[in-house]
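Everything below concerns the one structure shown next.
The values are calculated or read from the model by the stated rules, or taken from the named source; none is laboratory data. Keep in mind that what you see is a predicted model, and the values were worked out from it rather than measured. Cβ sites come from the backbone with ideal geometry, for glycine too, and all protein chains shown count toward neighbours. Just so you know, the surface numbers come from the protein's heavy atoms only, side chains and all, with ligands and any DNA or RNA stripped out. Shrake-Rupley method; radii C 1.70, N 1.55, O 1.52, S 1.80 Å.
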Amino acid sequence: MLAQVGIVLIGAVIAGLIGYELFVVVPDSTAELLGILLALGAVGVGIKLAGNAASSLFPGYNVAEVAVEGPITRDGGGGPLPTQPISTPADDIVDQIERADADDNVEALLVRLNTPGGEVVPSDDIRIAAEEFDGPTVAYAQDTCASGGYWIACGCDELWARDMSIVGSIGVIGSRVNASELADKVGVSYEQLTAGEYKDAGTPLKEFEEEEREYLQSLIDDLYGNFVDRVAAGRDLDEETIRETEARIYLGEEALGIGLVDELGTGEDVQDALVDRIEADSVDVKEFEPERGLPARLRGGASAVAYSLGAGVAGVLGEDGEVDIQFR
């Protein structure tokens, strides 16, 4: 740390001297004011460059933290309902994990989870990235780690939670809006023009036919079976124990009792445990953030306040009016 500060100070002094000579001493007196401003700018640039050099020569971190917050989606959009907040796109989270894995200074990965779940494949992409990280991986359930969030945690070596964290919801729901009666009242009719018997299955302007219901239920059952398999493999639990949870959510202490969580503790406790995992004297955590602009960060921060828990793997009405199955 002292070496880093020293490099920054030396860089600032050198930049200041160069800036003074170039922009204050050399110009005529009429340009002195502008020269001083340019000299100050040179100092700022010098400090920035020196800081970057110091970080490269003396990295101060050995653990990477990646946050999964809000609903999990491919593009970070909040979905068709206004109550669903914008979150970090799943592809960005995968990129963060891969950048951490490629960083020679990073010895362990901490995945901080505060999510009610989200879309199926994006959740699995994040789980795979965590599973492929070359080093110890610890998932930490901050407030809510449900459904797709728990799916991601199953790709990590261990899962920590607070005693009052919301954990679990290992189940699947698919839902749709049935607007057929409303359509009849307002005089809207539905005409089917499709190629393929089940192409319009789940369309809200008509009633479910029994064959359609069985078809969609079979998709839900397949997803649930896959979810159970992932949890059984990742958490070293038998499938019957997982199915007996019946998609309930648990507080951290109860989740620990049935094996859904490995340890209870605060973020500091997790960092203390990571000291042992990487056999170091101490850990210094660096949060890897998505490479996006300030407006996107501001939008994400404001919307994060809006989402509520009450997790569970649930489906919402998709933008095209058909059934959309999600880990929510």
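Hey, with R₀ at 56 Å, roughly what FRET efficiency would residue 275 and residue 197 work out to, going by the Cβ-Cβ distance, to 0.05? Don't jump to the answer; show the numbers that get you there.
Numbers: r = 59 Å, r/R0 = 1.05.
Efficiency, from the Cβ-Cβ distance: 0.40.
Suppose all protein chains stay in the model; what accessible area per residue would a 1.4 Å probe give for region 90-221, in Å²? Before the final figure, lay out each step's value.
Details: 6030 Å² over 132 residues.
Per residue, region 90-221 has 46 Å² of solvent-accessible surface.
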A student asked for the Cα radius of gyration and Dmax of region 203-260 in angstrom ought to give 15.7, 46
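Run through region 186-238 and list the chymotrypsin sites (Phe, Trp or Tyr not before Pro) located in a DSSP loop whose Cβ has at most 12 other Cβ atoms within 10 Å.
Working: sites: 190, 198, 208, 215, 224, 227; in loops: 190, 198, 208.
Those satisfying the criteria are 198.
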Sorted list, accessible surface of protein heavy atoms, 1.4 Å probe, largest first, for 286, 206, 185 is 185, 286, 206
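When each pair of different Cα atoms in region 113-219 is counted once in the 1/r mean, what is the Kirkwood radius in angstroms, to one decimal? Kindly include the intermediate steps, with their values, before the conclusion.
On the way: mean 1/r = 0.0594 Å⁻¹.
In region 113-219 this quantity evaluates to 16.8 Å.
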Cα-based Rg/(2.2 N^0.38 Å) for region 106-166, rounded to two decimals, is 1.03
So, with points 7 Å from each Cα along the Cβ direction, the residue 128-residue 104 label distance in nm works out to 2.9
With the 8 Å Cα cutoff and a minimum separation of six or more residues, region 139-214 has a relative contact order in percent of 27
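How much of the accessible area of region 112-188, in percent, comes from carbon and sulfur atoms when a 1.4 Å probe is used?
Working: 1320 of 2750 Å².
Roughly 48 percent, rounded to a whole number.
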